[in-house]
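The values are calculated or read from the model by the stated rules, or taken from the named source; none is laboratory data. It should be emphasised that the depicted structure is a prediction, and the values quoted were computed from it without experimental measurement. Positions of Cβ are backbone-derived with ideal geometry, glycine not excepted, and every protein chain shown enters the neighbour counts.
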Amino acid sequence: MQLIVNEPQAHRFEVNRAALIDPDIFAREREKVFERCWLYVGHESEVREPGDFRTRIVCGRPILFCRDSASELRVFLNTCRHRGAVVCREPEGNAKRHTCFYHGWTYDRDGKLYAIPGQDAYPPSFDRAQYGLQPPPRVDSYRGFIFLNFDRNAPSLRDYLGKAVEYIDLVLDQSPTGRMEVIHGTQEYDIKANWKLLVENSFDDYHLITTHATWLDYLKNSGVQVRKPEKGHVLPSHGLGKDLGGGHGTTDNVNFRGRPVAAWIPIYGDAAKPELDRIRQEITTRLGEERAKRVCDTNRNLLIFPSLVLLDGSSVSIRSFQPVAPDRMRVRAWALGPVEETPLARQVRLDSFLTFYGPGGFATPDDIEALESVQQGVGSYKEVQWSPITRGIAKEGEQLNTDEAHLRAFWTQWDKLMRQP
Amino acid sequence: MGQTDAAAVEAFLYHEAALLDSWKLDEWLALLTEDATYRVPSNDRPESDPKTALFMIADDIRRIRARVTRLKDPHAHAEYPRSRTRRFISNLRIVGESPLRVEANFIVYRFRGNDDKREYVGHYRYTLVPRDGTFRIQSREAILDAMELASLGTVSFIL
């Protein structure tokens, strides 16, 4: 089945809606895309001390990540080597050892099989050293972001991320030491839609004016300057959509919405103004005027293919999502902040987050509504088969955030992986 | 000041629930003090402070009013058409007298379109201010029991 029509000369780019709903495509996707790409596990700051651990599901696999006795970061497949039960069943905590409750096999925090009840019944050839918790085939991290890959032959994480690191680095420049931490409190929710719709939605700015009309009104009513779009623009400020290669892409937008680092808006309150000035001053001194402007006055929604998004707008959020069914995904979102942040700056960051993002924010619920509406609509995929993704395709030069070059880049990479043997 | 009459508090919370279930949001706003807060913590951090932890909702009175403005607008797509909700409040306890702190269990059923019903189960924490023979709400926090929001999806209505 042809999933993408990509004829740039004819200005055609269309996606077959079956890609959003067909169960066979969904099954193939796990094998061809998710089992071959670097997938987000978590952030180093979520486990700090020896024995600290977190568990979560990545691509259907229960995962345990933790600090071992030497405080090194470890990632394991959270399945007992004996019968397969999930060994650690708590979402987070600190433990010296992890015991599978089913038959009592106990692993230490380095993953080694520490003890088993009644070992003498096993044959002499039974070697406990062979039955430690198994790590995923590949694990690596980039500046605190931990990834795994189920494909032993995958390229290195650094090569995989390619040009996307430029934008990760830009986010991390908010911190004087380049270190950001995940703040307590996870937003975990399902969307009854295909995961690729959230990819599109996360960096498609074309929907902003209509889907988020009430959010824009909220900004205006709160004294934020929201300009009328200039000619050729849909949005109040100039912004680009960028294909970063490898399916990664980002928006790169001039800010108008306020940024905790560091563009004050009235919503933050007068008391926060000097603090934001101070933050900006530090960044300008450290990075110079030009880079400081990029850090403080531009927003980006960065997609790390296939399903990790760094939102750097009203706040910074890590948004990671997992397909559960063709018409269902599970989303996890966290707030990320500089480790050095003052209590006041942290408060602004968290408060600003909630103006837009999350299941109770003034914008994300409307995104979810849009995606679920699309999912229902594409029920007619056999009759209405193709969706055009052609905004900007006939244009020379820069592609705007409301064009769709970055969406085409995602779909092209997805299609390429789906067609590999 | 004597002991607060639990039945009066209960009647007040039933009144609030009726206003919210019938989307009489301006009348609901009138139940709040000028410094009221409304909070829903993240499911994995039910005992937290929004200054240091990520919540789902942490509104001050200005944000509450903005939320009502938004919810009354047909462009609040997540609630247009609106959810139908039905709240059941029970196990009310007065846990402090000065200030007056009240806790109660809730089940809120939410129906929307042809969706399956969604059941929001948890407990409320209120700080109430006695005024004019009734009460005003100074703070209300809705703490969900679900380990994750999961299939509940959003908290786009007032929980």
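Screening region A:295-314 for residues that are part of a loop (DSSP other than H, G, I, E, B) and out of contact with any strand residue (DSSP E or B) (no Cβ under 6 Å at 6 or more places or on another chain) and picking the one that is farthest from A:Gly144 (Cα to Cα) gives A:Ser314.
Is it the case that some residue within region A:17-26 is modelled with pLDDT of 95 or more, loosely packed, with under 13 Cβ neighbours inside 10 Å and under 21 Å from the mean Cα position of the chain (by Cα)?
No; the residues of region A:17-26 include none that is modelled with pLDDT of 95 or more, loosely packed, with under 13 Cβ neighbours inside 10 Å and under 21 Å from the mean Cα position of the chain (by Cα).
In region B:33-48, of all residues being charged (D, E, K, R) and more than 9 Å from every other protein chain (Cβ to nearest Cβ), the one that is farthest from A:Gly337 (Cα to Cα) corresponds to B:Glu34. Just one of the listed residues (A:Ala193, A:Ala154) is aliphatic (A, V, I, L, M), more than 15 Å from the chain's Cα centre (by Cα), buried (at least 20 other Cβ atoms within 10 Å of the Cβ) and farther than 29 Å from B:Asp49 by Cβ, and it is A:Ala193. Please identify the pairs in which a residue from region B:13-40 that is under 29 Å from A:Leu350 (Cβ atoms) has its Cβ atom under 6 Å from the Cβ atom of a residue that is surrounded by 16 or more Cβ atoms within 10 Å (Cβ to Cβ) and among the small types (Gly, Ala, Ser), counting only partners at least 6 apart or on another chain. Within 6 Å, the pairs are B:Thr37/B:Ser139; B:Arg39/B:Ala58; B:Val40/A:Gly360; B:Val40/B:Ala142. Could we say that B:Arg101 is touching an Asp or Glu at 6+ places or on another chain (Cβ under 7 Å), in a strand (DSSP E or B) and either surrounded by fewer than 20 Cβ atoms within 10 Å (Cβ to Cβ) or β-branched (Val, Ile, Thr) (or both) here? No: the conditions fail for B:Arg101. Listed by first and then second residue, the pairs linking a residue in region A:345-367 that is touching a residue at least 60 places away in the same chain (Cβ under 8 Å) and facing another protein chain (nearest Cβ under 8 Å) to a residue that is part of a helix (DSSP H, G or I) and hydroxyl-bearing (Ser, Thr, Tyr), with Cβ atoms under 6 Å apart and 6 or more places separating them unless they lie on different chains, are A:Gly358/A:Thr364; A:Phe362/A:Tyr218; A:Phe362/A:Thr355; A:Asp366/A:Thr211.
How many residues does region B:104-115 hold that are in contact with a His (Cβ under 7 Å, 6 or more places away or on another chain) and either exposed (fewer than 13 other Cβ atoms within 10 Å of the Cβ) or not small (Gly, Ala, Ser) (or both)?
At the first step, the residues of region B:104-115 found to be in contact with a His (Cβ under 7 Å, 6 or more places away or on another chain) are B:104-106.
Filter once more, keeping what is either exposed (fewer than 13 other Cβ atoms within 10 Å of the Cβ) or not small (Gly, Ala, Ser) (or both): B:105-106.
Final tally of qualifying residues: 2.
Filter region B:122-159 for residues that are free of Cβ contacts under 8 Å to residues at least 24 places away in the same chain, within 8 Å of chain A (Cβ to nearest Cβ) and over 20 Å from A:Asp366 (Cα atoms) and give the result. Once the filter is applied, which keeps residues that are free of Cβ contacts under 8 Å to residues at least 24 places away in the same chain, within 8 Å of chain A (Cβ to nearest Cβ) and over 20 Å from A:Asp366 (Cα atoms), region B:122-159 yields nothing.
When residues of region B:68-103 are filtered for being touching a strand residue (DSSP E or B) at 6+ places or on another chain (Cβ under 9 Å) and among the hydrophobic types (A, V, I, L, M, F, W, C), how many remain? Residues flagged as touching a strand residue (DSSP E or B) at 6+ places or on another chain (Cβ under 9 Å) and among the hydrophobic types (A, V, I, L, M, F, W, C) within region B:68-103 amount to 7. Taken together, the criteria place B:Thr4 among residues that are at pLDDT below 95 and touching a strand residue (DSSP E or B) at 6+ places or on another chain (Cβ under 6 Å).
Would you mind listing the strands (runs of 3 or more DSSP E) fully within region A:173-278 where at least 1 residues are of a type in the set (A, V, I, L, M) and without any contact (Cβ under 8 Å) to a residue 60 or more places away in the chain?
Values: elements: A:180-182, A:187-191, A:239-245, A:248-254.
Counting at least 1 such residues, we get A:248-254.
With respect to the stated conditions, A:Leu287 is assigned by TED's automatic domain parsing to the domain that holds A:Leu208, within 15 Å of A:Ser175 (Cα to Cα) and not β-branched (Val, Ile, Thr). Could you tell me how many of the residues in region A:368-379 are among the polar types (S, T, N, Q) and in contact (Cβ under 8 Å) with a residue 12 or more places away in the chain? Summing the residues that are among the polar types (S, T, N, Q) and in contact (Cβ under 8 Å) with a residue 12 or more places away in the chain in region A:368-379 gives 1. Contact map, region A:82-93: residues that are in the same structural domain as A:Ile116 (by TED's automatic domain parsing) paired with residues that are surrounded by 13 or more Cβ atoms within 10 Å (Cβ to Cβ) and small (Gly, Ala, Ser), Cβ distance under 9 Å, separation 6+ or inter-chain. Pairs shown: A:Cys88/A:Ala95; A:Gly93/A:Gly51. Can you name every residue in region A:314-329 that is facing chain B (nearest Cβ under 10 Å), buried (at least 20 other Cβ atoms within 10 Å of the Cβ) and closer than 17 Å to A:Asn201 by Cβ? A:Ser317, the sole residue that qualifies.
Any residue that is closer than 30 Å to A:Leu287 by Cα and of a type in the set (Ser, Thr, Tyr) - is there at least one of those in region A:182-189? So far as region A:182-189 goes, no, none of its residues is closer than 30 Å to A:Leu287 by Cα and of a type in the set (Ser, Thr, Tyr). You will find that of A:Ala409, A:Ala370, the residue that is within 14 Å of chain B (Cβ to nearest Cβ) and either modelled with pLDDT of 95 or more or in a helix (DSSP H, G or I) (or both) is A:Ala370 and no other. Please determine whether any residue of region B:10-32 is more than 13 Å from chain A (Cβ to nearest Cβ), crowded, with 17+ Cβ neighbours inside 10 Å and more than 29 Å from A:Phe353 (Cα to Cα). Taking every residue of region B:10-32 in turn, at least one turns out to be more than 13 Å from chain A (Cβ to nearest Cβ), crowded, with 17+ Cβ neighbours inside 10 Å and more than 29 Å from A:Phe353 (Cα to Cα).
Conditions (1) of a type in the set (Gly, Ala, Ser); (2) within 9 Å of another protein chain (Cβ to nearest Cβ), marked per residue:
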site: B:Pro50; (1), (2): no, yes
site: B:Phe55; (1), (2): no, yes
site: B:Asp59; (1), (2): no, yes
site: B:Asp73; (1), (2): no, yes
site: B:Pro81; (1), (2): no, no
site: B:Arg86; (1), (2): no, no
site: B:Ser90; (1), (2): yes, no
site: B:Arg93; (1), (2): no, no
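The single residue among A:Asp252, A:Asp190, A:Asp270, A:Asp204 that is in contact with a Gly (Cβ under 9 Å, 6 or more places away or on another chain), within 14 Å of chain B (Cβ to nearest Cβ) and of a type in the set (Asp, Glu) turns out to be A:Asp190. A:Glu181 passes every criterion in (1) of a type in the set (Asp, Glu); (2) within 30 Å of B:Arg118 (Cβ to Cβ); (3) within 14 Å of chain B (Cβ to nearest Cβ) apart from (2).
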